[in-house]
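*Asks:* Sending over a structure as structure tokens; questions will come in a sec.
Read the figures in this text as sums done on the coordinates, not as results from a lab. Computed from a prediction, not measured in an experiment: that's the story for all the values here. No Cβ is skipped: glycine too gets one built from the backbone with ideal geometry, and neighbour counts run over all protein chains shown.
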């Protein structure tokens with residue numbers, strides 16, 4: 001039959017409909033797959049972008065550049081000289097103890113310790129010789145300069161006349177913004193506080209009139225009346241402030257700072273044509289900054305940095321004492337109680353030590369077990385039972401291995417001997433938080449993964465290679481060592497390194513063996529207390545100060561870079577052995 005006649009018989013209308021339906025189904029399936037991949041990629045991009053944006057402020061830090069005359073390399077002496085340099089810039093603060101505490105708090109005593117250590121290793125020189133130093137400012141001031149504590153608005157006004165504590169100028173725009181803010185607060189307070197309090201009081205009053213003998217109801221009505229009266233008094237106070245000729249500043253209001261030629265002043269009241277001010281910070285060297293104002297959005301009661309510290313920080317930046325530099329110490333220091341002095345090197349060294357122990361134990365044992373089970377073990381019920389248990393161990397939560405490690409390696413298990421008073425302890429003797437314990441626990445956790453991936457790589461080698469080797473007279477050991485292992489090597493290495501990379505990110509087992517303790521020094525060996533990168537990230541994320549949030553994200557980036565490096569090594573080894 002000619003081909004044309006065959007096509008006429010087979011390509012009927014029903015056939016064409018079924019063909020179009022199948023193609024549409026294939027197109028939908030392809031679309032679903034691409035959509036899933038795109039959605040997963042979008043989520044990954046969003047996650048990485050959020051982490052990077054949060055961490056970028058931790059990789060840079062504002063430092064204070066000063067010149068001191070060190071007499072001896074002592075932390076307290078260096079710290080006093082640093083504070084003295086700051087007080088020389090703002091001499092009036094030395095007359096008031098609270099002002100000294102506020103301005104001196106821009107630099108912590110821990111920040112002077114690295115300077116003292118550096119001077120110990122270097123030659124201090126003769127007395128009176130100036131030394132240029134770089135000191136990190138406090139985390140509150142650093143975050144303020146990066147705009148992470150409060151928003152701010154700057155501007156300039158032309159001062160018409162200046163009296164003792166009053167400036168005559170056009171403050172109508174700033175005054176209008178405060179009145180608008182107060183009007184919005186009054187509206188919110190009326191709807192969220194006053195109206196509900198009034199409704200509750202009226203409801204309980206109506207119920208008490210119907211049941212005058214109910215004592216508990218009268219008590220509830222009295223409490224509601226007190227809340228309603230307090231809300232009404234607060235509303236009256238807010239309305240009186242709005243009706244006043246000038247807006248008076250309180251702790252619950254944003255701060256308005258204004259810089260004049262002799263220092264920084266704080267506004268106490270503002271009207272459209274004048275500003276009442278009080279002295280905040282006096283500069284040693286007058287500056288030509290007449291009428292420069294700074295409106296700090298967050299109220300004083302809600303932020304960790306005071307108005308005087310903001311004024312001192314702004315003045316130091318304008319005078320050239322502050323510079324934003326790359327935070328090199330973050331990569332070369334251990335943990336610290338102060339965010340500006342903390343680093344990830346101690347945790348990174350601890351993670352490396354743990355990975356060395358894990359790799360030396362899990363990789364050779366796991367590969368040897370996989371070779372025996374796949375190539376030499378007889379196919380009996382015992383072999384199948386072992387294989388099932390290995391697969392089950394790969395699915396056990398990591399925290400169970402942490403409990404096992406704490407019980408076996410640290411505490412030990414006491415076993416009683418029957419019919420006697422004797423017992424013996426199995427395991428124990430190792431210290432909490434030691435890298436060797438962490439390596440042992442993670443090796444036990446990683447071992448099933450390495451065995452499974454290695455067996456899969458060995459099983460992927462064609463049986464023809466084995467038969468060919470045995471056919472030319474090779475023994476089973478020679479066949480495995482000379483022919484099977486080179487073919488399965490890329491898969492074995494890839495699975496092993498990916499298993500180690502997974503173990504690098506584990507946190508729960510390390511917490512249970514005591515690696516959660518604060519470690520302020522760099523570890524020097526396998527039997528010294530240390531921490532690891534995942535544990536450090538967990539610790540930083542639980543600290544209350546806002547400054548630890550970008551530090552946590554920065555530590556996450558360091559951990560991701562280490563894991564990417566391990567995966568890159570796995571890919572490189574796979575490509576290298578596949579070319580052979």
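*Asks:* What is the chain's relative contact order, in percent, from Cα pairs under 8 angstrom and six or more apart in sequence?
*Replies:* Across the chain, relative contact order equals 15 percent.
*Asks:* Once each part is reduced to its C-alpha centroid, what is the distance from the stretch 524-564 to the stretch 447-510 in angstrom?
*Replies:* 34 Å
*Asks:* Just how far, in whole angstrom, is the stretch 132-148 from the stretch 225-260 if you go by their alpha carbon centroids?
*Replies:* Their Cα centres are 33 Å away from one another.
*Asks:* Could you state the angle between the C-alpha long axis of helix 13-55 and the longest principal axis of the C-alpha atoms of the chain, as a value from 0 to 90 degrees rounded to the nearest 10?
*Replies:* 50 degrees
*Asks:* Something else about it: Run the numbers on the stretch 62-137 and let me know its relative contact order in percent, using alpha-carbon pairs under 8 Å that are six or more apart.
*Replies:* Across the stretch 62-137, relative contact order equals 56 percent.
*Asks:* Determine the relative contact order of the stretch 449-509: mean sequence separation of Cα pairs under 8 Å and six or more apart, normalised by residue count, in whole percent.
*Replies:* Value for the stretch 449-509: 50 percent.
*Asks:* For each of 45, 277, 354, count neighbouring Cβ atoms within 10 Å of the residue's Cβ, then give the residues from fewest to most.
*Replies:* Going from least to most buried by this count: 45, 277, 354.
*Asks:* Would you mind classifying the stretch 106-244 by shape? Square roots of the alpha carbon gyration tensor eigenvalues, ordered a ≥ b ≥ c; an a/c under 1.5 is rounded, otherwise it is prolate if a/b is larger than b/c and oblate if not.
*Replies:* oblate
*Asks:* By counting other Cβ atoms within 10 Å of each Cβ, how are 265, 572, 381, 434 ranked from fewest to most?
*Replies:* Sorted ascending by nearby Cβ count, the order is 381, 572, 265, 434.
*Asks:* Let me ask something else. What's the angle, to the nearest 10 degrees (0 to 90), between helix 435-459's Cα axis and the longest principal axis of the chain?
*Replies:* So the helix axis and the longest Cα principal axis differ by about 40 degrees.
*Asks:* Could you give the angle, 0 to 90 degrees to the nearest 10, between helix 75-89's Cα long axis and the longest principal axis of the Cα atoms of the chain?
*Replies:* Result, in degrees: 40.
*Asks:* Here is a further query. Take the alpha-carbon centre of the stretch 188-214, take the same for the stretch 347-425, and report the distance between them in whole Å.
*Replies:* The two parts, judged by their Cα centres, are 67 Å apart.
*Asks:* Continuing with the same structure: Ranking 276, 245, 142, 325 by Cβ neighbours within 10 Å, fewest first, what do you get? Can you show the working numbers first?
*Replies:* Details: 276 18, 245 7, 142 26, 325 13.
Fewest-to-most Cβ neighbours within 10 Å comes out as 245, 325, 276, 142.
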